[in-house]
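Enquirer: Here it is, the structure in full.
The values are calculated or read from the model by the stated rules, or taken from the named source; none is laboratory data. For clarity, every value in this text was computed on a predicted model and none was experimentally measured. Backbone-built Cβ (ideal geometry, glycine too); neighbour counts: all protein chains shown. Just the protein is used for accessible areas: all its heavy atoms, side chains included, with ligands, DNA and RNA removed. Shrake-Rupley method; radii C 1.70, N 1.55, O 1.52, S 1.80 Å.
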Amino acid sequence: MTVLRIHPGYAVLMAVAVVTAIALAGLNGPPLPLSGTTSAPESRTDAVPPSHSGLSGVARVIDGDTIDIQGVRIRLNGIDAPETKQHCVANDSSNYRCGLQATEALISLIGSNVVRCDQTGTDRNGRVIGRCAIGSLDIGGWMVEHGWAVAYRRFSLAYVDQENRARALKSGIWAGSFTSPEDWRRQKREGVSQ
């Protein structure tokens, strides 16, 4: 009897391809609203139920701009949050872990609510880029408006108004000073002390 042996790497690749194909099969629903409200998220019973119009389910937060739904990693479209290990400077000149606070803000926002994401693209790391919502609340807009992420202008201008409001109100990271998340990542790659 001949035994077919599959390299473990191919098995993982096949599993990822199947999960991605299943997730992408249902991402043709109506687009999410362009701007969200600043109210608290709706309760789970009022949230968008899982459907075939987009990837939906209870999300696991990876960091301030990345979530995971059903094993699919989703980078929130149009925003860039401080990295988990990133520090910022408060008005009193003390350092604080703004990246961790951004992650915690997203965890608090999402809670156990059902999140629906519509894919807008794929990033260079193979993650789905998506616009995500809890009911009618645009998650990316909420994160920017509350100062836990910046509008990622290089890729989208969708949240510039929310960023301007957060900056004017000195919300979140705007209450002090910080290095843009993109510059922080670049400095980290180049070995610049943080």
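Enquirer: Grab the other residues whose beta carbon is less than 13 angstrom from that of Tyr96, score K and R as +1, D and E as -1, and report the net.
Expert: Overall, the nearby charge balance is 0.
Enquirer: Accessible area per residue, 1.4 Å probe, Å², for segment 72-164: what's the number?
Expert: Working: 3780 Å² over 93 residues.
Computed with neighbouring chains in place, this is 41 Å² per residue.
Enquirer: Follow-up question, since we're still on this one. Relative contact order, percent, of segment 57-110 when contacts are C-alpha pairs under 8 Å separated by at least 6 residues? Numbers along the way, then the final one.
Expert: Working: 85 pairs, mean separation 18.1, N = 54.
Dividing the mean separation by the residue count of segment 57-110 yields 34 percent.
Enquirer: Normalised by the residues of segment 76-194, what does the relative contact order come to in percent, with Cα pairs under 8 Å and at least six apart? Provide the component values of the computation, followed by the final result.
Expert: Working: 186 pairs, mean separation 36.0, N = 119.
Contact order relative to length: 30 percent.
Enquirer: With every protein chain in place, what's the accessible area of Lys188 (1.4 Å probe, Å², nearest 10)?
Expert: Its heavy atoms expose roughly 110 Å² to the probe.
Enquirer: Could you work out the relative contact order of segment 70-145? I mean the mean sequence separation of Cα pairs under 8 Å and 6+ apart, divided by the number of residues, in percent.
Expert: Result for segment 70-145 is 32 percent.
Enquirer: Something else: Could you derive backbone 3J(HN,Hα) for segment 56-72 from the dihedral phi with the Karplus parameters 6.51, -1.76 and 1.60 (θ = phi - 60°), listing whole Hz in sequence and x where the residue is Gly or Pro?
Expert: My calculation for segment 56-72 gives 9, x, 6, 9, 9, 7, 8, 7, x, 9, 9, 10, 10, 10, 6, x, 9 Hz in order.
Enquirer: Related question: Mind listing the long-range amide H neighbours of Asp138? Cut-off is under 5 Å, sequence gap 5 or more, other chains count too, H placed in the peptide plane at 1.01 Å from N.
Expert: Excluding prolines and chain starts, which carry no amide H, the hits are Gly36, Thr37.
Enquirer: Is the C-alpha gyration tensor of segment 75-183 telling us rounded, prolate or oblate? Criteria: a/c under 1.5 is rounded; beyond that, a/b larger than b/c is prolate, otherwise oblate.
Expert: Verdict is prolate for segment 75-183.
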